[in-house]
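Colleague: For reference, the structure I am asking about is given below.
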Amino acid sequence: MNEPTTGDLFASAQPEQPPKQARTLTRRDGITDEGLAHFQSAYPGETLTKEDLFYYIYGILHSPDYRERYADNLNKELPRIPRVKTFADFQAFSQAGRELGELHVNYESVPMYAGVKIDTGNKPLTDADYRVEKMKYGKKGKEKDLSTLHYNHRITVTDIPLEAYGYVVNGKPALDWVVERQSVRVDKASGIVSDANDWAIETMGNPKYPLELFLRVITVSLETQKIVNNLPPLDI
C-alpha cells in the first residue's frame, strides 16, 4: 500500500501551516493632496486640513442654495464642489458638516424627542407589547395625519411635529423610512421574512428599539433642518 502523499485528504500528518501574521490596517484619505491644495490656494495664509475639507463638502451638499442652483447638473453627473469666496464661509460650511455628520452617523444614540405624547391606554407594558408589525399614520377624515403614529394596537404616538418631515433622504422624509423599514415584511419572490423585531431583540438587545428609533429620528430631522437653515448663502 502506498504511503499517502503530502496534501492527501487522508494524510496522517498535515503539512505545517505558516504562522498567522498580525493584520495591519492602513488608513487612507478619500481626499487627494491635489484636491486639498486646490482649496488651500483659495485661502492664502489660512490653515485647513483634509478633515476640514471633508466636512466642508458634507456641509455644501446640504446647502439649499447649492441644490437649487445646480439641480440640473446634480441630476446628470457627480456633484462638483465649489470654493466659497471667504474663509469664514468655508469654516461655516465645514463646522455645519461636522455637526451634521455627528447627527447622521450617531442617529441611534441622539436623545429621543421628548415633545410627543405616548398613549398606552394607561396600562403597563411588557417587552412583548413593543412588537411592531406595521406602523401607520393617523387620519383626519380621508387625509393622512402625520402628527399621529399608530405604532401598534397598544401604543399611539401623538403631537409629532410636522416640520420633522422636512428632512428628506433619497426623496422621502427620514421618518417615513423608519415607518417603512421598522416592520415585518415578506419578500413576495423568495418568501423571506424581514422582521425588525428580531433585529431589535437579538442585535440591539432592546425590544423598544423601533419606537425609540422613530423618536430619535424626529430629533435628527429637526436638528438637521436647524443647522441647514443657518448655513450661509452660497457665494462662490
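The values are calculated or read from the model by the stated rules, or taken from the named source; none is laboratory data. What you see is a predicted model; the values in this text were computed from it and never measured. Positions of Cβ are backbone-derived with ideal geometry, glycine not excepted, and every protein chain shown enters the neighbour counts. All accessible areas refer to the heavy atoms of the entire protein, side chains included, with ligands and DNA or RNA removed. Shrake-Rupley method; radii C 1.70, N 1.55, O 1.52, S 1.80 Å.
Colleague: Residues with amide H under 5 Å of G138's amide H, sequence separation 5 or more or different chain, H placed in the peptide plane at 1.01 Å from N; which?
Modeller: Excluding prolines and chain starts, which carry no amide H, the hits are D145, T148, L149, H150.
Colleague: If the cut-off is a Cα-Cα distance under 18 Å, which aspartates and glutamates reach K144, setting aside same-chain residues fewer than 8 apart in sequence?
Modeller: Here the aspartates and glutamates satisfying the reach criterion relative to K144 are D159, E163, D176, E180.
Colleague: Moving on. Taking Cα pairs under 8 Å and at least six residues apart, what relative contact order does the chain come out at, in percent?
Modeller: 20 percent
Colleague: Another question about this same structure. Within segment 110-131, which residues have the backbone N less than 11 Å from the label spot 7 Å out from R154 along Cα→beta-carbon, could you tell me?
Modeller: 120-121, 123-131
Colleague: Using the basic label-point model (7 angstrom from Cα toward the beta carbon), what is the V168 to R67 distance in nanometres?
Modeller: Distance between the two pseudo-spin positions: 0.7 nm.
Colleague: Treating only the Cα positions of segment 133-220 as identical point scatterers, give the base-10 log of I(q)/I(0) from the Debye formula at each q in 0.14, 0.15, 0.25 Å⁻¹.
Modeller: Evaluating at q = 0.14, 0.15, 0.25 Å⁻¹ gives log10 I(q)/I(0) of -0.53, -0.61, -1.34.
Colleague: Another question, then. So, with +1 on the Cβ of K and R and -1 on the Cβ of D and E, and no other charges, what is the size of the charge dipole of segment 38-104 about its Cα centre, to the nearest 20 debye?
Modeller: Charge dipole, segment 38-104, about its Cα centre: 200 debye, nearest 20.
Colleague: Leaving ligands and nucleic acids out of the surface, order L25, L215 by accessible area at 1.4 Å, largest first.
Modeller: Reading off the accessible areas and sorting them downward yields L25, L215.
Colleague: P(r) for the chain: what percent of alpha-carbon pairs falls in each 10 Å bin, starting at zero?
Modeller: P(r) for the chain, in whole percents per bin: 6, 22, 22, 19, 15, 9, 5, 2, 0.
Colleague: Ranked from highest to lowest mean number of other Cβ atoms within 10 Å per residue, what is the order of the peptides 84-95, 190-201?
Modeller: 84-95, 190-201
Colleague: Please compute the Kirkwood hydrodynamic radius over segment 57-126, one decimal place, Å, based on all pairs of different Cα atoms.
Modeller: 15.4 Å
Colleague: Accessible area, 1.4 Å probe, largest first: how do Y167, Y66 sort?
Modeller: Y167, Y66
Colleague: Right, here's the next one. Return a whole-number percent for the relative contact order of segment 143-236, with Cα pairs under 8 Å and 6 or more residues apart as the contact set.
Modeller: Reported as a whole number, the value is 23 percent.
Colleague: Placing unit charges on C-beta atoms (Lys and Arg positive, Asp and Glu negative, everything else neutral), compute the dipole magnitude of the chain about its Cα centre in debye, rounded to 20.
Modeller: 800 debye
Colleague: In whole percent, and with a 1.4 Å probe on the protein chains, what portion of the accessible area of the chain is carbon and sulfur?
Modeller: For the chain, the apolar C and S fraction of the accessible surface comes to 51 percent.
Colleague: Using the beta-carbon distance between S190 and E133 and R0 = 22 Å, what value does 1/(1 + (r/R0)^6) give for FRET efficiency, to the nearest 0.05?
Modeller: Working from the Cβ atoms, E equals 0.65.
Colleague: Next question. Suppose only helical runs count, i.e. DSSP H with n ≥ 4. What mean residue ellipticity at 222 nm does that imply for the chain under -39500 (n - 2.57) per run, divided by all residues and rounded to the nearest 500 deg cm²/dmol?
Modeller: Value at 222 nm, helices only: -10000 deg cm²/dmol.
Colleague: Regarding segment 89-178, what are the three Cα extents along the principal axes, ordered largest first, in Å?
Modeller: Projected onto the principal axes, the Cα atoms of segment 89-178 cover 51, 33, 22 Å.
Colleague: Between E143 and L36, what is the label-point separation in nm under the 7 Å Cα-to-beta-carbon projection?
Modeller: With each label placed 7 Å out from Cα toward Cβ, I get 5.3 nm.
Colleague: Given q = 0.18, 0.27, 0.28 Å⁻¹, what are the Debye log10 I(q)/I(0) values for segment 106-152, with equal point scatterers placed on the Cα positions and solvent ignored?
Modeller: -0.80, -1.16, -1.15
Colleague: Could you list, in their original order, any pairs among K140/K208; K172/K208; K117/K139; K134/K226; K117/K142 whose Cα atoms are separated by more than 19 Å?
Modeller: Beyond 19 Å between Cα atoms: K140/K208; K172/K208; K134/K226; K117/K142.
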